[in-house]
Structures are given as C-alpha cells and as structure tokens.
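Working notes for the structure below.
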Amino acid sequence: MEIEYEELRRIAATSMFERSLAGLRPAKRRRKPRDPEKVQLLMMKSRNVADKFPPSRSEDGALVLPYFSRVDLA
Amino acid sequence: MVRSLEVVKQELLQIVDPVKRRAFFVAMLSEEMIAKGVTAPIVVGGEAVELYTQGSYTTGDIDLKADFNAMKEILLLWGFKGAGANKRIWASKDLDMYVDWLGAKLDEGIEAETRTNSIALDRGLKVRILSFEDLIIDRLCAAKFWDDADSEMWASAVIEVANRVKGLDMDYVRKRAEAEDVVNELNKLIAGSDTDNR
C-alpha cells in the first residue's frame, strides 16, 4: 500500500486535534527503560547538536541557541 | 494590536521544522502577552527540554505557565479551542499547535521565577524558559516519582548544555534537590557526567 505523505500528515494532525479536545493526550512518561546503547545514542545526538549549534549568551544575558537563529522556509 | 490569525499562520506555516515552529509560536505569544501588560509565559516541562537540547528531544505539545486570561484572549483570537474541565488544553488544528496550560506561577516558587532564562530567537523574538537548574530537578522528579525512565537521561543532556554556557549554579541545584527529595538521583547523575560545577 502506498500512502501519500501529505495525506498521512493531514490525517495525523486531525486525529491529534480531536484527541486533544477529547482530553486524550499522549502519555509523557516512559516506563520501560531504554537499553544502554540507545541511551548512549540519544546522548550522542544531543551532544552533536550542541557541537553543531553551540549555545552561548548574548551581551544582555539572553541565551542564544543557534539552531533557532535561522528559519528554514518551505 | 494583536497579530491576526492570518499573520500568525503566514509566519508559522512557512517554518518547516516543527521544533522551530513551536519556538516561534511561543515567542509570538510572549510578545503579544507582554503587549497586554502581563509577564511573558514560562516554558516548562518537555518543551523546555526540547528548546534547551535544540530539538534532540521532541515533544508534541507546549507546557506553559502563563497568565490565563491574557493567554486565553490571544489563543481564542488565533483560532484555538480550549478543552478540559478548567480549559487546560488549547489546540489549533490550523496551526498544528497544542498548549498545555499548567497554571499562572511556577510550582518551584518565586526564586525560580527570577532565575528563568531568556532565549533570543531570530527577528528579536524571545522565549522565557525555566532555568537549567529547575528543569534538571523537574526531570529528576519525573524519573523518581513518575517512574519516567527517560527523564534522567534528559536531565543529563540539560546539564551538558548548561555547562557549555557556564550557566549551572550547583549550590541552587543541590538546595532544590534537597527540597524535592531527589538528592540521591542528583548525585548519581553528577557521578556519571562531566559536570565541572561541583
């Protein structure tokens, strides 16, 4: 079966909207521990992002997170 | 005058990345709330982790502490629908945006409100966010009391980001850990990290 991505996105967005209004929000906690290799991988991803977009502070003390400084347009 | 729904749509829907889109949404909401004479909302919870880790962690909704009436007025104008007994959930299908209103004030207290960080985005927009320290404690509480297996790892990721900007006040972290009964969890986390602010 071939699913068109935009159609899938539209269906998922509608479902999320309706579930939110019905009070059926996704669970925010994970009870099953991840295996150590997966934890390592996620930490590596987080470090790599911080390396690629190094956080800093501006003169007025605001936090500058470069990932957000450029907006990718469609 | 508050940005119209059309303007907000135009600005947000051209941002492809949902992580960036959520950040700019909060920044625009903040700007409008400040213009109404109330303080900027404070990003907490998963969205705070998402912002600090620049999208390494992703969340589906935006956890906010904010003045309810000002927030509601703006969100209604932007086409949001409120749900739940006390209108805690605000959802917009058009913007694909979900706000979870968690109250007007930080549960962590007045000191935590003075310690919030401000993230400078593009176009002079800013987002007010829970401090690194209070977010770390929040995640450790989630790990201990909610049995959330992932939260400890994300607390560690937030520590690493804080260390890069030399922004971690370990005395305050320890004080908060004692108050929230997560000292053991904090010590375990520090033992396994390169925290240089011990």
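No lab work stands behind these numbers, since they all come straight from the coordinates. This structure is a prediction, so every number in the text was calculated from the model and none was measured. Methodologically, a virtual Cβ is constructed for each residue, glycine included, from the backbone with ideal geometry; neighbour enumeration extends over all protein chains shown.
Values as computed for the structure displayed
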read-out: Sum of side-chain charges, B:GLY37 neighbourhood, beta-carbon under 13 Å (Lys, Arg +1; Asp, Glu -1); value: -3
read-out: Order of B:SER156, B:SER151, B:SER193, A:SER58 - criterion: other Cβ atoms within 10 Å of each residue's Cβ, fewest first; value: A:SER58, B:SER193, B:SER156, B:SER151
read-out: Per-residue Cβ neighbour rank within 10 angstrom, fewest leading, B:MET97, B:MET1, A:MET1, A:MET16; value: A:MET1, B:MET1, A:MET16, B:MET97
read-out: J(HN,Hα) series, segment B:9-25, from Karplus relation 6.51 cos²θ - 1.76 cosθ + 1.60, nearest Hz, glycine and proline x; value: 4, 4, 6, 7, 6, 8, 8, 6, 6, x, 5, 5, 4, 5, 4, 5, 4
read-out: Degrees between helix B:170-180 axis and first principal axis of chain B (Cα, 0 to 90, nearest 10); value: 80
read-out: Stretch gain in nm, segment A:ARG29-A:GLU7, where the contour uses 0.36 nm per residue and the Cα spacing is subtracted; value: 5.0 nm
read-out: Contact order normalised by residue count of chain B, Cα under 8 Å, 6+ apart, percent; value: 18
read-out: Reach of B:LYS166 by Cα under 16 Å, taken over aspartates and glutamates that are not fewer than 8 positions away in the same chain; value: A:ASP51, A:GLU59, A:ASP60, B:GLU133, B:ASP134, B:ASP194, B:ASP196
